[in-house]
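The values are calculated or read from the model by the stated rules, or taken from the named source; none is laboratory data. Just so we're clear, the structure is a prediction, and the values are computed from it rather than from any experiment. Every residue, glycine among them, receives a Cβ derived from its backbone with ideal geometry; neighbour counts consider all protein chains shown. With ligands, DNA and RNA removed, areas are computed over all heavy atoms of the protein, side chains included. Shrake-Rupley method; radii C 1.70, N 1.55, O 1.52, S 1.80 Å.
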Amino acid sequence: QVQLVESGGGLVQAGGSLRLSCAASGDTFSRYSMGWFRQAPGKEREFVAAISWGGGSTRYSDSVKGRFTVSRDNAKNTVWLQMNNLKPEDTAVYYCAARVGWVEAATAPQYDYWGQGTQVTVSS
């Protein structure tokens, strides 16, 4: 099984940028398609972005499309989430997740492994 560790969260002003990283270990990274989810206080976990095993296919939620970019490097066992033009409503704990399979997915139950999360706070 794969272990996932997120990093890169922090406090940023509205309009700023952050880059989240998710480092994978314990298994062959290219076996997995990867996703990013977030959960704000009092809200359910929601889909943010996903990327296929080879990086050739990506998917985004409507709320982040055009502002966030997901990418991966299988040689480095890492997936990133570049977040630009951040808004206060992007404030949440961000989680990276992995699912066995080639195709990315947009719902949490489809993912098999999860990281511990990293806090992103956007001030107005």
Subject >> segment 1-64, accessible surface, carbon-and-sulfur percent (1.4 angstrom probe) >> reply: 45 percent
Subject >> DSSP-loop GluC sites (Glu not before Pro) across segment 5-82, with at most 13 other Cβ within 10 angstrom >> reply: E44
Original post:
Between S57 and residues 5 or more places away or on another chain, which pairs have amide H atoms under 5 Å apart, with H built 1.01 Å from N, and which residues are they?
Top reply: S52
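In percent, how large is the relative contact order of segment 21-124, given Cα pairs closer than 8 Å and 6 or more residues apart?
33 percent
Translational D (Stokes-Einstein, µm²/s) of the chain at 25 °C and 0.890 mPa s when Rh comes from the Kirkwood sum over C-alpha pairs? Walk me through the numbers on the way to the answer.
On the way: Rh = 14.1 Å.
The calculation lands on 174 µm²/s.
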**OP:** Give a residue-ordered list of calculated ³J(HN,Hα) values for segment 92-105 (Karplus: 6.51 cos²θ - 1.76 cosθ + 1.60, θ = phi - 60°; whole Hz; x for Gly, Pro).
**Re:** 4, 8, 9, 10, 9, 9, 10, 9, 6, x, 7, 9, 6, 9
Original post:
Once you wrap a convex hull around the alpha carbon atoms of segment 53-124, what is its projected area averaged over all directions, in nm²?
Top reply: 5.3 nm²
**OP:** Can you work out the accessible area per residue across the chain, with the rest of the protein chains kept in place, probe 1.4 Å, in square angstrom?
**Re:** 49 Å²
Original post:
From the backbone phi of segment 53-59, what are the Karplus-calculated ³J(HN,Hα) couplings (6.51 cos²θ - 1.76 cosθ + 1.60, θ = phi - 60°) in whole Hz, Gly and Pro given as x?
Top reply: 4, x, x, x, 9, 10, 9
Subject >> Cα-derived Rg to Rh of segment 84-124, Kirkwood definition >> reply: 1.08
